[in-house]
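First up is the structure itself, then whatever we jot down about it.
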Amino acid sequence: MDTDIDKCRRFFSADRFAANAGIKIDAVCEDEVVCSMEIRDMHLNAGNIVQGGVIFTLSDFAFAVHSNLRRICGGDAGLTVGQSCGISYLRSPKGSKLIARSICLSRGRTMSVYRVTVEDELGNRISEMHGNGFTTRA
């Protein structure tokens, strides 16, 4: 499978929410997708820590990129959308950057499951998300 990162970046440049949040696609391959974002003041909540929705958005975006690789890179797959997600927040980031790593746990014709781990650049594990995807017809 051709996993050209430029194809992924072009496809997801239309994701205005992720772009406005500052999320970047750093690496793509069939086994793993890595996305990241610099933590900015706009990402902080009233307690002056990263808002949980920011961490979820980064996780969800990495899941979206990974689950749509077959479609983006020339496969015959339809669009994969999130069917359900569960996230556990483990600690607040201490660094200035969040890094999400997605791995595929299971992928069938229409159903898939991914695990996305978010860490800060200091190596602190921030969250774990499991996302279930549903792939529409091509």
Check: Based on what the data block shows, is T117 touching an Asp or Glu at 6+ places or on another chain (Cβ under 7 Å), surrounded by 13 or more Cβ atoms within 10 Å (Cβ to Cβ), polar (S, T, N, Q) and modelled with pLDDT of 95 or more?
Finding: yes
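A quick yes/no check of all residues on (1) surrounded by 13 or more Cβ atoms within 10 Å (Cβ to Cβ); (2) over 13 Å from S127 (Cβ atoms); (3) out of contact with any Ser or Thr (no Cβ under 6 Å at 6 or more places or on another chain):
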position: N20; (1), (2), (3): no, yes, yes
position: D26; (1), (2), (3): yes, yes, no
position: E32; (1), (2), (3): yes, yes, yes
position: C35; (1), (2), (3): yes, yes, yes
position: R40; (1), (2), (3): no, yes, yes
position: N45; (1), (2), (3): no, yes, yes
position: V50; (1), (2), (3): yes, no, yes
position: I55; (1), (2), (3): yes, no, no
position: V65; (1), (2), (3): yes, yes, yes
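Quick one: in segment 38-66, of everything that is of a type outside the set (G, A, S) and without any contact (Cβ under 8 Å) to a residue 12 or more places away in the chain, which residue is nearest to F17 (Cα to Cα)?
Narrowing segment 38-66 to residues of a type outside the set (G, A, S): 38-45, 48-51, 54-58, 60-61, 63, 65-66.
Subset that is without any contact (Cβ under 8 Å) to a residue 12 or more places away in the chain: 41-42, 44-45, 48, 51.
Details: D41: 17, M42: 13, L44: 16, N45: 18, N48: 22, Q51: 15 Å.
Per the criteria, the residue is M42.
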Next item on the list: Report whether or not S88 is among the hydroxyl-bearing types (S, T, Y), under 17 Å from the mean Cα position of the chain (by Cα) and surrounded by fewer than 17 Cβ atoms within 10 Å (Cβ to Cβ).
Entry: yes
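Pick from S92, S59: which is assigned to a helix (DSSP H, G or I), among the polar types (S, T, N, Q) and either at pLDDT 95 or above or on the phi > 0 side of the Ramachandran plot (or both)? Let's see the steps before the verdict.
On the way: S92 fails: assigned to a helix (DSSP H, G or I).
Exactly one residue qualifies, and that residue is S59.
The values are calculated or read from the model by the stated rules, or taken from the named source; none is laboratory data. All values reported here derive from a predicted model rather than from experimental measurement. Counting neighbours? That spans all protein chains shown, and the Cβs are built from the backbone with ideal geometry, glycine included.
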